[in-house]
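The values are calculated or read from the model by the stated rules, or taken from the named source; none is laboratory data. A quick note: this is a predicted structure, and the numbers were derived from the prediction, not measured. Cβ coordinates were reconstructed from backbone atoms using ideal geometry, including for glycine residues, and neighbour counts include every protein chain displayed.
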Amino acid sequence: MTPASRWTRLDSHILELVIGLGLLLVGLFQALFPILGVTGPMPATDTRDVNLNNTSQVPNLTSHGTTLRGTHHAELTVGNPDLGDRVLLAAPQVLQAALIIVVLSLLLRMAATFRTGDVFVPSNIRRLYGIAMALLLTGTAVPALDMLTTTALISGTPLTDAVESSFTVSASTVLLSLLVAALAGAFGHGTRLRADTEGLV
């Protein structure tokens, strides 16, 4: 019979390369470029997807340079956004990018332990809990910030009555965070079992 294939150092390097590439892309396109749009060197974000209070069409409703177009899912456009508007528009995306960078950075550090063939180390347990917390914030804090910044963008305008002010928690992301936390618990149990077994030898 052919022996089961094992994880090799090459596999570890490929995994680290893929995660590192993901870090680079997220850092550039989801974090750095939006920040440069706020500060000036890059074109600023001037739109935001929003939900309306009802499904009736809002044909080009405009107030103080801010335009709302769509039916139930609409596009909010801020004409000539100032610095405050640019910060409000970019904040949810930058926060989400920062949390994704945290997740990928922790995964990259975990992948480095695969080279030794020993993943049941205390540091990986802490990293998994860190990933779970970052995912939980992605599913809850990001949509909350999106709601707060949208409310600030339309505050004091007639668009306030048209745009829905509630936010929806990302159930799939929250569930994933709970699964990762459970995996961290399983890692901790495995680590304790190994330590007990080594103590008996």
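Count of the stretch 11-34 residues, restricted to those that are without any contact (Cβ under 8 Å) to a residue 24 or more places away in the chain and either buried (at least 17 other Cβ atoms within 10 Å of the Cβ) or within 15 Å of the chain's Cα centre (by Cα) (or both), is 6. Against the test of being closer than 25 Å to GLN93 by Cβ and among the polar types (S, T, N, Q), the options SER166, SER123 yield a single qualifying residue, SER166. Residues in the stretch 116-167 that are touching a strand residue (DSSP E or B) at 6+ places or on another chain (Cβ under 7 Å) and in a helix (DSSP H, G or I) were compared, and the one that is farthest from THR45 (Cα to Cα) is PRO158. Only one entry of GLY185, GLY190, GLY130 meets the criterion of being without any contact (Cβ under 8 Å) to a residue 12 or more places away in the chain and not polar (S, T, N, Q), and that entry is GLY185.
Let's see how each residue does on (1) surrounded by 16 or more Cβ atoms within 10 Å (Cβ to Cβ); (2) of a type in the set (A, V, I, L, M, F, W, C); (3) modelled with pLDDT of 95 or more; (4) touching a Phe, Trp or Tyr at 6+ places or on another chain (Cβ under 7 Å):
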residue: LEU88; (1), (2), (3), (4): yes, yes, yes, no
residue: LEU104; (1), (2), (3), (4): yes, yes, yes, no
residue: LEU107; (1), (2), (3), (4): yes, yes, yes, no
residue: ASN124; (1), (2), (3), (4): yes, no, no, yes
residue: LEU159; (1), (2), (3), (4): yes, yes, no, no
residue: THR173; (1), (2), (3), (4): yes, no, yes, no
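Checked against (1) crowded, with 17+ Cβ neighbours inside 10 Å; (2) more than 15 Å from ILE100 (Cα to Cα), THR138 meets all criteria but (2).
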